[in-house]
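To start, the structure under review is shown below, and the notes come after it.
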Amino acid sequence: MPTLPNDISDLIKDDLSLERINELKETLLKQKSNIEYQLNKESSKYYGHVQESLKMLNISKKSVKSVKDAINEVNKSSVENEEAINRYNIISEATDLFETIRTTSSIYDKIFNFDSLLNKLDNLLEQELENDPLDTGCPYLLEIHYSLTMARDFQDQMTVMANVSTEDVQRTSRKLFSRISGLVTKFDQLLTGLINDIVEMVRSEQISLVIRLFKIFDLEEREDIKITVMRNVIKKKEIEADRTAIKKLPSGVSGLDGSSKGKEVEYPTDQGIYHEIMNGTISTRTQPRGYMNFFYNNLKDSINEMFISVRETYSNDKKYEVLNNLDWVFNELMIVKEHITNFTPGRWNIFNQYFELYYQELNLLVNELVESEPETLLLLDILDYDKVFQANLIADFGFTKKTVKSVIGTEQKEKLFIDYLNLLVTKMSEWIVNLENAEFEIFVERTTPPHVDSNGLYFLDGTKTCFQMFTQQVEVASGANQAKILVGVVEKFTGLLLKRQKDWTTKIHDEVDKILKYNELYDLDPQNIPEEANVPGGLIEYLTAVTNDQMRAADYIVAITRKCSALLNKAWNKEVTEYSDNALDACANLVKVACHGMTNIIFDDLKDPYTEIFSKNWYSGNQIKQISVTINEYVVEIKPHMSNIAFNSFIGFIIDECFLDYIKALNEKHSFKMKNNKFSDAIKRDFEILFELFAGLINEDQKAEIIDRRFRFIEIFMDISCEPVDSVMEFWKTMLLEYPETPIDFLEAVLTCRKDISGSERKHLTKEGLTYQDSPEIKRNLKEMIDMGIEPLFVSNFVFEHSKLREAD
């Protein structure tokens, strides 16, 4: 802080040492340097302003001089012209007299023909008012407007002239123009009807009428602007003239008799306007007629009447139905945007005018619904309408997220959020429980087939309803701008969804078990099945619907997560992502449960042919053909009704179960017939049939993922089964390198069925195979496979029921 002179004087008075003086000197020098810097900085700043001002002053000086020179030049030309013509003043006065005579003659002609003009106008107006403009197109509209405008212009000018004349002239003028007001009323009535029907005129393709109507208002607006400007010019001229006259009067002369005291002159005066009429400056109206205000007021009244009619239609118990019947508003606005804007001047910004009027009425209507204290679900409907309203504005009318408006209003919307969110958690739990009870009842009874969407996919109502509800709650929470509430909604719903998935898993297992139990009883004695063991059909279709629903649920979850992520910071996003991942895992698991259930049902029908695999009959039999036909029948029926992603998972289950049941036949310990390649030829025959089956059920781009990996396993299986004993370990190592999840049971089962391998050899090879399976290399491969999320192959579920190795353990 700078040191003041008083402070310095106080310092001098103190008893200071030399060291203290030096210290103070340094301080004062620093302060001085700082002050000088600030002074220089401010001086430079204001010096720049001064320079700029001087520059502008010089420019202004040059401009004023230029204007002055131009005025002098005009005055000089005027004087020269006057001097160049002999008797200029006489000629000028004669010209003025001629103009007065011509003006008087014109006024006489207009007065003489005025009554017939009004009669014609009245007839045309009556004719147009009697007809429907949507049918006739109002053909005389421009003629009526032109004639009426001419009549009113004449009235305006004559009224001004009468006002500066005698009272007798004024009475004559009023009598002459007494019919004008009635005709103006009829014309306004005609315009009001046309304004009310503008949108309908566009729909009826009366485009010419729309253009003519807007041309009238455009002309009226421009004429009003011109006369407003002219009146302001006259006003300023008269005020300046009066001020000059007052200054020239001697002191005390003005208003000595008190006659002007208390009177206020209204500018422009009739005398000033009369002078401009006689000069020819004013040739039309003498004051604005305000037809643009007339247009907007009638447009507002028209839209207000529409909403009054809406309230009458949707009153009492039906009042909330109005939210589902307001599409007409967007239709009207779309016509304005797409068509009417093309017929109006850009300065009108006609779409915004229409939009604001509709918005005001919608806002009033919706807030009336809010104030009527609706139930919770109706609050959601109101919020949902607000969402649809804003979405339509953005999608169809070019609004942005910054400019879009809530139809409810910001403050009222906040109150609505608070009212709803207080009941949110309780209501969600109640809704989920009720929904689950209803959908499980339908799933268990299966009295009707599942629903089919436009793509032919089966679906149940529950998942869509569940996520519609959740989406609504997310919309509410996100709109409330409360991150904690939004994350709380996500957390609560995720918990309810996980519980719902567990309940679905239990229900699917129960229903599949019932089917399998029924099949078992049917195989034993089809005539004596207990009544309670009977089950309704259609479980395959319903399980297909469940898989589709879970794929939809996953899409819903991803969409909702993205929406939430865009609204939350990193800390909250981490929680939402965790909840989302848990929910997605639950959806994927339920798809697997449903696919597994369908697979169990399908392969329960194939128990008999599978038991004959590797038996004596198998080498010349058609077991795999029978299996293939049955699988194809099921899959061909299911595929059109299942989503592609779910079908890929399902076909994977089918192939895995098909191959697993195939190698499970090793448990029957049938001996492989190696002579003449019988065994290898039979396996090739079987898997050619299966390859043809499965290759025809999936797309080519999915072949490597779904088929090739599984059939490669069969190739190695054939090598282990058919190649010489001394090469078995090499093929086993190849098997583990490519499929580290393969259990040792599989090797033992194959070796057991090979009669060319003795018991001791089998025991030795099995132990050697186990040693390699436990090697670090194979364990590392297995871990990498798990880390990459690669699903274990079907062989991982193989168990050799006659394992000697397990018995030894």
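Just a few scattered comments:
- Some residue of the stretch 778-798 being hydroxyl-bearing (Ser, Thr, Tyr) and without any contact (Cβ under 8 Å) to a residue 12 or more places away in the chain: no
Listed here are the residues, each with its yes/no results for (1) modelled with pLDDT of 95 or more; (2) surrounded by 10 or more Cβ atoms within 10 Å (Cβ to Cβ); (3) of a type in the set (D, E, K, R); (4) outside any loop (DSSP other than H, G, I, E, B).
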residue	(1), (2), (3), (4)
VAL233	no, yes, no, yes
PRO250	no, no, no, no
GLY255	no, yes, no, no
PRO268	no, yes, no, no
HIS275	no, yes, no, yes
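- The set of residues from the stretch 521-543 being acidic (Asp, Glu) and either within 30 Å of LEU457 (Cβ to Cβ) or more than 55 Å from the chain's Cα centre (by Cα) (or both) comprises ASP523, ASP525, GLU541.
- Condition met for ARG222 (closer than 18 Å to THR344 by Cα and out of contact with any helix residue (DSSP H, G or I) (no Cβ under 7 Å at 6 or more places or on another chain)): yes
- Residue in the stretch 494-501 that is touching a residue at least 12 places away in the same chain (Cβ under 8 Å), in contact with a helix residue (DSSP H, G or I) (Cβ under 8 Å, 6 or more places away or on another chain) and of a type in the set (Val, Ile, Thr) present: yes
- Test: residue in the stretch 765-773 that is loosely packed, with under 14 Cβ neighbours inside 10 Å and assigned to a loop (DSSP other than H, G, I, E, B): no
- Within the span defined as the stretch 492-502, one or more residues are modelled with pLDDT of 85 or more, assigned to a helix (DSSP H, G or I), closer than 30 Å to GLU637 by Cα and among the basic types (Lys, Arg).
- Unmet criterion (only one of (1) at pLDDT below 95; (2) touching a helix residue (DSSP H, G or I) at 6+ places or on another chain (Cβ under 8 Å); (3) among the β-branched types (Val, Ile, Thr)) for ILE216: (1)
- Scope the stretch 661-677; condition in a helix (DSSP H, G or I) and surrounded by fewer than 14 Cβ atoms within 10 Å (Cβ to Cβ); matching residues: LYS675, ASN676, ASN677
- Residues being more than 57 Å from the chain's Cα centre (by Cα) and either acidic (Asp, Glu) or more than 20 Å from LEU782 (Cβ to Cβ) (or both) - total across the stretch 727-751: 8
- The residue pairs whose first member lies in the stretch 530-558 and is basic (Lys, Arg), whose second member is assigned to a helix (DSSP H, G or I), and whose beta carbons are closer than 8 Å, counting only pairs six or more residues apart or on different chains, are ARG552/THR463; ARG552/LYS464; ARG552/PHE467.
- Of all residues assigned to the stretch 619-636, none qualifies as being in contact with a strand residue (DSSP E or B) (Cβ under 6 Å, 6 or more places away or on another chain) and within 26 Å of LEU539 (Cα to Cα).
- Qualifying residue in the stretch 343-353 (condition: open to solvent by less than 70 Å² (accessible area, probe 1.4 Å), among the hydrophobic types (A, V, I, L, M, F, W, C) and over 26 Å from SER204 (Cβ atoms)): no
- Residue that is modelled with the highest pLDDT, among those in the stretch 743-756 that are open to solvent by 10 Å² or more (accessible area, probe 1.4 Å) and part of a loop (DSSP other than H, G, I, E, B): PRO743
- Condition check for SER649: surrounded by 18 or more Cβ atoms within 10 Å (Cβ to Cβ), small (Gly, Ala, Ser) and part of a helix (DSSP H, G or I): yes
- Qualifying residue in the stretch 13-26 (condition: at pLDDT below 65, acidic (Asp, Glu) and surrounded by 10 or more Cβ atoms within 10 Å (Cβ to Cβ)): no
- Checking the stretch 367-378 against the condition returns no match, with no residue being within 21 Å of the chain's Cα centre (by Cα) and crowded, with 17+ Cβ neighbours inside 10 Å.
- Odd one out for PRO724 among (1) within 58 Å of the chain's Cα centre (by Cα); (2) surrounded by fewer than 18 Cβ atoms within 10 Å (Cβ to Cβ): (1)
- Some residue of the stretch 561-569 being buried (at least 20 other Cβ atoms within 10 Å of the Cβ) and β-branched (Val, Ile, Thr): yes
- Scan of the stretch 185-211 for residues that are surrounded by 16 or more Cβ atoms within 10 Å (Cβ to Cβ) and over 37 Å from the mean Cα position of the chain (by Cα), ordered by number: LYS186, PHE187, LEU190, LEU191
- When residues of the stretch 128-148 are limited to those that are touching a residue at least 60 places away in the same chain (Cβ under 8 Å) and assigned to a helix (DSSP H, G or I), the one farthest from GLN287 (Cα to Cα): LEU134
- Residues in the stretch 504-525 that are touching a residue at least 60 places away in the same chain (Cβ under 8 Å) and surrounded by fewer than 16 Cβ atoms within 10 Å (Cβ to Cβ) were compared, and the one that is farthest from ASP549 (Cα to Cα) is ASN519.
- Hits in the stretch 774-808 (condition: at pLDDT below 90, open to solvent by 80 Å² or more (accessible area, probe 1.4 Å) and part of a helix (DSSP H, G or I)): ILE786, ASP787, LYS804, ARG806, GLU807, ALA808
- Taken across the stretch 683-694, residues that are farther than 27 Å from THR630 by Cβ and surrounded by fewer than 12 Cβ atoms within 10 Å (Cβ to Cβ) do not occur at all.
- Just one residue in the set MET158, MET150 is among the hydrophobic types (A, V, I, L, M, F, W, C) and touching a helix residue (DSSP H, G or I) at 6+ places or on another chain (Cβ under 7 Å); that residue is MET158.
- Residue list for the stretch 149-178, filter: in a helix (DSSP H, G or I) and among the hydroxyl-bearing types (Ser, Thr, Tyr): THR149, THR159, THR172, SER173
- Taken over the stretch 236-248, the residue count meeting the criterion of being of a type outside the set (Lys, Arg) and modelled with pLDDT under 70 is 1.
- Subset of the stretch 172-220 (residues that are free of Cβ contacts under 8 Å to residues at least 40 places away in the same chain and of a type in the set (Asp, Glu)): GLU205
- In the stretch 327-342, the residues that are surrounded by fewer than 14 Cβ atoms within 10 Å (Cβ to Cβ) and not hydrophobic (A, V, I, L, M, F, W, C): ASP327, ASN331, GLU338, ASN342
- With respect to the conditions (1) farther than 29 Å from PHE691 by Cα; (2) buried (at least 17 other Cβ atoms within 10 Å of the Cβ), PRO740 lacks only one, and its number is (1).
The values are calculated or read from the model by the stated rules, or taken from the named source; none is laboratory data. For clarity, every value in this text was computed on a predicted model and none was experimentally measured. Backbone-built Cβ (ideal geometry, glycine too); neighbour counts: all protein chains shown. Quick note on the areas: whole protein, heavy atoms, side chains included, nothing else; ligands and nucleic acids left out. Shrake-Rupley method; radii C 1.70, N 1.55, O 1.52, S 1.80 Å.
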